Amino acid sequence: MTCHSSFSNNVVSKEIVLRAEQETERLASLISASVTFGDIILLYGDFGSGKTTFARAFIRKILGDPSLIVPSPSYLLMNEYQIIREVQGEVEKFRVYHFDLWRIESCESLPPLDLQTILQRGVCLIEWPSAIEKLLPYEKLVLCFSFFDEKRKVKLSMFGSKWRHLQDDISSF
Ligand SMILES: Nc1ncnc2c1ncn2[C@@H]1O[C@H](COP(=O)(O)OP(=O)(O)OP(=O)(O)O)[C@@H](O)[C@H]1O
Ligand SMILES: [Mg+2]
């Protein structure tokens, strides 16, 4: 696995032990509470390390439906979810795009993707993002999952000032 090896310095990182699936879900739910248009969350980690578990909990929380079926988009490459929400008295349409690019070896083999438009519409969660790294803006949240006995660990790296608020949000972990 290459865990954002091509990304550079000026990053704040924190490592967290996730003792059970419920802790992965709690982290996802906490992070989902503050996402906005244009946010990008990259999910690295080997097979079975917990990327989809995180994405599923994140999407369920944003959509306010704890039993929503959130399949892994491994074959479709991307699933899209939409909510109409009210923020500070304004009604807005917000989308969550859940990608799984494990089959994609380079961005040349990706189907045409209007990333600019997608980012204007909501938040992107991207499992196996290596192929797309060079198309992405600098500001992003990078989560790198790994096995830790029967549990999991995740290293969070916050690229850019828009993610720095998370340092406080996750201080309870
Ligand atoms: N913190 C955790 N502690 C223990 N088990 C976990 C934790 N998080 C997830 N799991 C378990 O790990 C298994 C695999 O999780 P998941 O499908 O999310 O992995 P993945 O990284 O998306 O894998 P893939 O790369 O194959 O898509 C699931 O059975 C899930 O319950
Ligand atoms: Mg997965």
Residue within region 131-148 that is within 16 Å of ligand 2 (Cβ to nearest atom), part of a helix (DSSP H, G or I) and touching an Asp or Glu at 6+ places or on another chain (Cβ under 9 Å) present: yes
Residues that are surrounded by fewer than 21 Cβ atoms within 10 Å (Cβ to Cβ), out of contact with any helix residue (DSSP H, G or I) (no Cβ under 9 Å at 6 or more places or on another chain) and touching a residue at least 24 places away in the same chain (Cβ under 8 Å), drawn from region 128-143: none
Residue check for Thr36: under 16 Å from the mean Cα position of the chain (by Cα), modelled with pLDDT of 95 or more and not hydrophobic (A, V, I, L, M, F, W, C): no
Output for region 38-63, where each listed residue is hydrophobic (A, V, I, L, M, F, W, C) and assigned to a helix (DSSP H, G or I): Phe54, Ala55, Ala57, Phe58, Ile59, Ile62, Leu63
In region 52-75, residue surrounded by the most Cβ atoms within 10 Å (Cβ to Cβ) [restricted to those that are among the aliphatic types (A, V, I, L, M) and away from ligand 2 (no atom under 14 Å from the Cβ)]: Ile62
Near pairs, Cβ below 7 angstrom, 6+ apart or cross-chain, from region 47-60 (within 18 Å of Gly122 (Cα to Cα) and touching a residue at least 60 places away in the same chain (Cβ under 8 Å)) to any residue that is of a type in the set (A, V, I, L, M, F, W, C) and near ligand 2 (Cβ under 9 Å from one of its atoms): Phe54/Leu43; Ala55/Leu43
Filtered residues of region 28-51 (kept if surrounded by 20 or more Cβ atoms within 10 Å (Cβ to Cβ) and within 16 Å of ligand 2 (Cβ to nearest atom)): Ala28, Ile41, Leu42, Leu43, Tyr44, Gly45, Ser49, Gly50, Lys51
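The values are calculated or read from the model by the stated rules, or taken from the named source; none is laboratory data. It should be emphasised that the depicted structure is a prediction, and the values quoted were computed from it without experimental measurement. Counting neighbours? That spans all protein chains shown, and the Cβs are built from the backbone with ideal geometry, glycine included.
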